[in-house]
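These notes are about the structure you will find just below.
The values are calculated or read from the model by the stated rules, or taken from the named source; none is laboratory data. Because the structure is a prediction, the values reported are computed rather than measured. Cβ placement follows ideal geometry from the backbone for every residue including glycine, while neighbour counts extend to all protein chains displayed. Ligands, DNA and RNA are stripped out before the accessible areas are found, and what is left, the full protein with its side chains, is counted by its heavy atoms. Shrake-Rupley method; radii C 1.70, N 1.55, O 1.52, S 1.80 Å.
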Amino acid sequence: MGRFVSEFFLHRHMLDSGRKKTNTREHLMATEAGKRAVILTGHFPMQKRRANILWLSDHLRQDGWHVTMITVGYSLVSKLRGDRRFQQLYAPPVVGEIIHDESLTSVFSYPLLHPFSLRKRILDELARPLHQTFVMHWARRLPAYLKDADLVVVESGPPVMLAPIVRRAAPSAAMVYRVSDDVRVLGLPDFVVRAEMKYAPLFDRVSMASPLLGRRFAHLGNLKIDPIGVAKRLLDGDLEDPFAGLPRARREAVCAGTTQFDIKAMRLMAKLRPTWNFHILGRLREEAWNEPENLIFHGELPFDQTAGYVKYADIGLAPYLDKPGVEYQTAQSNRMLIYRYFGLPMIGPKSICDPHIPTLVGYDSDSEISMAEALDNLESMSRRGPDPYVQDWSVLYERIVSTPKPRVSLVS
């Protein structure tokens with residue numbers, strides 16, 4: 001990774017360098033020589049899970065950009081409840097600004113509230129005025145970081161509610177909306193979904209990997225289908241084999257992530273294939289109790305360990321919850337792309353199957369017979385060579401930075 005060391009080392013460096021707040025203007029002047037990118041995301045720069053936006057950040061930094069990563073979508077409610085997303089961190093988040101090195105600054109803060117659903121539409125609408133404190137909180141803090149930005153990337157989810165603030169504070173910056181997930185299936189309040197469509201025209205580029213997801217934005221002239229990638233240099237490197245020295249099961253199957261995770265489907269797979277091991281990597285909402293012995297939960301692991309599990313596995317698992325809208329994961333799933341890169345046969349609900357991905361076997365999540373048939377088909381498959389359509393993350397980087405800056409301001 002060149003001048004980039006492991007995530008753990010970077011995190012320790014962050015702690016050792018003094019968790020101090022610095023003068024924002026002085027820091028911006030210190031980086032005046034290079035181009036500046038600001039990323040608004042729900043992720044942290046130092047975390048075990050390597051989300052899409054972090055690979056984009058890496059490539060920006062490697063190519064001479066300074067990145068300011070602003071983590072939003074958390075609040076005092078998150079802190080009090082012990083938000084499970086914190087499980088992917090090496091240590092509790094630090095409030096304030098941290099300068100990690102000459103190419104990376106991170107910002108984190110706790111508003112009073114952040115956009116989350118109360119599970120009933122009427123309750124969400126009644127609480128909507130309170131959630132505006134999230135916007136007000138960041139309206140006071142964002143402009144100082146956006147003033148001199150050349151590129152601003154806003155990731156889908158709660159960050160999109162801040163789009164008007166971004167556009168006003170950075171009128172001459174290229175502004176990209178990176179749609180990593182379908183906000184309609186993430187359990188967010190409807191006002192976030194409405195905000196996405198309302199503010200999408202403010203962006204110079206609305207970027208996503210899934211053409212299916214892109215249909216919602218087809219009326220906009222700024223829609224671009226920008227496929228995700230994999231870190232080929234890292235995946236081709238010397239990854240540790242987690243199965244080395246251990247007796248292998250008939251099949252070692254790995255699920256490299258737990259987004260929209262269908263635990264019922266996994267329990268059924270484990271029941272139908274007691275001679276296989278099913279390894280689940282990632283955080284879960286609830287602790288697993290009384291699970292079959294061959295259903296093994298590892299929790300959140302650093303990316304290189306996760307990649308090692310996939311590289312030396314026999315089967316890739318994609319047990320997404322089979323609900324309306326999940327189809328976009330066919331093109332947007334990080335884990336499935338890594339499975340494809342290593343040529344693993346995969347299994348997931350029929351709704352995410354695609355004839356262009358012959359290594360993916362589908363099942364009907366409501367049918368034990370369908371699951372048994374899918375596992376039978378899977379057992380007859382073997383590893384293939386890398387999927388030639390899987391590209392490196394550098395391709396996404398090149399597309400994002402090619403976004404032209406606006407000729408006129410889009411905010412009235």
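Think of each Lys and Arg Cβ as +1 and each Asp and Glu Cβ as -1; about the Cα centre, that makes the dipole of the range 307-412 roughly 780 debye.
Overall form of the range 223-346: oblate. Here a/c, set by the Cα gyration tensor axes a ≥ b ≥ c, is 1.5 or more, and a/b is not larger than b/c.
Dividing the helix sum by the residues of the chain, where each DSSP H run of 4 or more adds -39500 (n - 2.57), gives a mean residue ellipticity at 222 nm of -9000 deg cm²/dmol. Element breakdown for the chain at a 1.4 angstrom probe: carbon and sulfur atoms account for 53% of the accessible area.
Label the range 217-264 by shape, choosing from rounded, prolate and oblate, from the square roots a ≥ b ≥ c of the eigenvalues of the Cα gyration tensor; if a/c is under 1.5 it is rounded, and otherwise prolate applies when a/b is larger than b/c, oblate when it is not. Oblate, since a/c reaches 1.5 and b/c is not below a/b.
Counted over the range 227-292 with a bin width of 5 Å, the fraction of Cα pairs per bin, in whole percents, is 3, 12, 19, 21, 19, 14, 10, 2.
Once the piece of chain linking Glu291 and Arg84 is laid out straight, how much longer is it, given 0.36 nm per residue of separation minus the C-alpha distance between them? Working shown, then result.
On the way: separation 207, 0.36 × 207 = 74.52 nm, distance 2.08 nm.
Answer, rounded to one decimal: 72.4 nm.
Only alpha carbons enter this Debye calculation for the range 26-111, each as an equal point scatterer, and the log10 of I(q)/I(0) it gives at q = 0.14, 0.18, 0.22, 0.27 Å⁻¹ is -0.49, -0.78, -1.08, -1.45. Highest GNM mean-square fluctuation among Ala318, Ala91, Ala331, for the chain modelled with Cα contacts below 10 Å: Ala91.
Size of the range 138-257: Rg and Dmax of its alpha carbons, in Å, are 19.3, 59. A simple count of charges around Asp124, restricted to other residues whose Cβ falls under 14 Å of its Cβ and scoring Lys, Arg +1 and Asp, Glu -1, yields +4.
For a test of the definition: using alpha carbon positions, the gyration tensor, and the 1.5 limit on a/c, classify the range 71-185 as rounded, prolate or oblate. Note, shape of the range 71-185 comes out oblate.
When the pairs Lys79/Lys147; Lys35/Lys405; Lys79/Lys264; Lys264/Lys323; Lys264/Lys350 are compared against a 18 Å limit on Cα-Cα distance, Lys79/Lys147; Lys79/Lys264 fall above it.
Determine, from the Cβ-Cβ distance of Arg407 and Lys232 and an R0 of 30 Å, the FRET efficiency 1/(1 + (r/R0)^6), rounded to the nearest 0.05.
Values: r = 36 Å, r/R0 = 1.21.
Efficiency computed from Cβ-Cβ geometry: 0.25.
Taken over the C-alpha atoms, the range 303-412 has Rg and Dmax values of 17.7, 60 angstrom. Average 1/r across all pairs of distinct alpha carbons in the chain, invert it, and you get the Kirkwood radius: 22.3 Å. Using a probe of 1.4 angstrom and keeping all protein chains present, the accessible surface of the chain works out to 45 square angstrom per residue.
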